[in-house]
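Structure first, then comments.
The values are calculated or read from the model by the stated rules, or taken from the named source; none is laboratory data. Given the structure is predicted, the values throughout are model-derived calculations rather than measurements. We place every Cβ from the backbone using ideal geometry, glycine too, and count neighbours over all the protein chains shown.
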Amino acid sequence: MTALARIGGPLAVAGYAVTMVLLVAVWDPSAAVPWLSYGEILAGLRDMGIDPVAAFVGVALWGLLGVALSVAVSLLDMRGRVDAAAGAALQLGLVAAGAPAYFAGRFSFGVDIADTFAVGGGDHTPVGGVLYLVSAAALAALVALALLRRRWDDRGSSRVFEREAP
């Protein structure tokens, strides 16, 4: 991977993770129940016996796991343990894995919001769709990378994927 990819991968994953956590914890509940303040939403959940902090911690842990794995990939690449294509594929895979992490992280909390305030349980902002599109684009890029690598390997020339000289 290039230096830009070594830094860009973790930054992209961190950006996705921060957006995911803010969306689940703040933006979506506020959009679902716009007639209440955020504090009133949290109080309403607590009155129903729901601990919103537990939901936030769960989503934050998913995000932190993704960032930690992305940083680990970059560190392995810097130490020569991963070639350029594998490093890029792993970074793309982590961004693609953000979609199921987002879905899993928001599902139960979305149901809690829906049940507590008698609103729909789906996404209430367009940001969730953007996260899904970003993950889909990363998955498409991952498939393209795999096909390109196979094409180059079939030709017997994979120089484009060889490790850069230090």
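What the table below lists for this structure:
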quantity	calculated
Subset tally (residues that are touching a residue at least 40 places away in the same chain (Cβ under 8 Å), in contact with a helix residue (DSSP H, G or I) (Cβ under 8 Å, 6 or more places away or on another chain) and of a type outside the set (Ser, Thr, Tyr)) for segment 70-81	4
Of all residues in segment 24-40 being out of contact with any Ser or Thr (no Cβ under 7 Å at 6 or more places or on another chain) and part of a helix (DSSP H, G or I), the one that is farthest from Leu64 (Cα to Cα)	Glu40
From the options Leu90, Leu76, Leu94, residue that is hydrophobic (A, V, I, L, M, F, W, C), part of a helix (DSSP H, G or I) and either in contact with a His (Cβ under 6 Å, 6 or more places away or on another chain) or modelled with pLDDT of 95 or more (or both)	Leu94
Which listed residue is in a helix (DSSP H, G or I) and under 30 Å from Thr2 (Cβ atoms), from Val111, Val67	Val67
Segment 50-72, subset among the β-branched types (Val, Ile, Thr) and at pLDDT 95 or above, residue surrounded by the fewest Cβ atoms within 10 Å (Cβ to Cβ)	Val71
Among (1) in a helix (DSSP H, G or I); (2) touching an Asp or Glu at 6+ places or on another chain (Cβ under 9 Å); (3) crowded, with 18+ Cβ neighbours inside 10 Å; (4) of a type outside the set (D, E, K, R), the one test that His124 misses	(1)
